[in-house]
1. Determine ³J(HN,Hα), in whole Hz, for all residues of the range B:97-112 in sequence, where each value follows from phi through the Karplus function 6.51 cos²θ - 1.76 cosθ + 1.60 and θ = phi - 60°; x replaces Gly and Pro.
2. Calculate the mean, over all residues of peptide B:27-40, of how many other protein chain Cβ atoms lie within 10 angstrom of the residue's Cβ.
3. What's the average, rounded to a whole number, of partner chain beta-carbon atoms within 10 Å of each residue's beta-carbon in A:103-109?
4. How would you order A:55-61, B:71-77 from highest to lowest mean count of nearby Cβ atoms within 10 Å?
5. In nm, give the distance between the simple-model label positions of B:Asp1 and B:Gln111, each being 7 Å from the Cα along the Cα-to-Cβ direction.
6. Taking the Cα atoms of the protein assembly as shown, what is the range of coordinates along each of the three principal axes, in descending order and whole Å?
7. How big is the Rg/Rh ratio for the range B:1-80, C-alpha atoms only, Rh by Kirkwood, two decimals?
8. Per residue of the range A:69-76, in order, report the coupling 6.51 cos²θ - 1.76 cosθ + 1.60 (Karplus, θ = phi - 60°) as ³J(HN,Hα) in whole Hz, putting x for Gly and Pro.
Amino acid sequence: GAVVSQHPSWVICKSGTSVKIECRSLDFQATTMFWYRQFPKQSLMLMATSNEGSKATYEQGVEKDKFLINHASLTLSTLTVTSAHPEDSSFYICSASERGQGIQYFGAGTRLSVL
Amino acid sequence: DQQVKQNSPSLSVQEGRISILNCDYTNSMFDYFLWYKKYPAEGPTFLISISSIKDKNEDGRFTVFLNKSAKHLSLHIVPSQPGDSAVYFCAASGGGADGLTFGKGTHLIIQP
């Protein structure tokens, strides 16, 4: 149980294009989903918290117009990196938790490389 | 300012012995703590958690200890197995729907 699927696992794009990453909870309903970012040899940093049916809450320093988050259903959240630039290249990981649960289950991550 | 600290970047332990990974935190508002295991280019895998109302939680080979007064927690793995070799992250939250604050991780290496 508690499986979170993230797609794609790896994407290469040209500078200026947009990339969409999907995060799905496969066997539970995720009232809250989270998006993290990890730079090489660094820790995971929370980017935003996404609640189903409402606007995402972004952490300080994260541009909401650049990282668009949509949580349209209890099993799906998407992160769109708009007008990507090389400095956006990173490992993006989503997680999901059930209502009232503190445990977060993570997807496998998406490696984004912007050329 | 790093709110969750794992001061040992790496730890080497012989197979069959006990592995002890340490974590310190500074934010007294944290009341839920978790340990995750992670391989390169993969997402973290949940191992074990503990609420601030407890001081110990055990699940098979894994035991987490929490010392609130010292703002310190540790993960014990016994006996250590080769498959335990990975990076271990300590994480903390205010509970409920809060995001997690992660430490920088400790690379555990189990030697045969």
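1. After applying 6.51 cos²θ - 1.76 cosθ + 1.60, I find 9, 6, x, 9, 9, 9, x, 7, x, 10, 7, 8, 10, 9, 9, x Hz.
2. The mean count of partner-chain Cβ atoms within 10 Å per residue comes to 1.
3. 6
4. Working: A:55-61: 13.3, B:71-77: 19.1.
In decreasing order of mean packing, A:55-61, B:71-77 become B:71-77, A:55-61.
5. 3.9 nm
6. On the principal axes, the protein assembly as shown reaches 51, 36, 36 Å in Cα extent.
7. Rg divided by Rh gives 0.96.
8. Karplus values, whole Hz, x for Gly and Pro: 10, 10, 10, 7, 9, 6, 10, 9.
FYI, it's all coordinate maths here, none of it is from the lab. These numbers come from a predicted model, not from an experiment. Because the Cβ atoms are built from the backbone with ideal geometry, glycine has one as well, and the counts that use them run over all protein chains shown.
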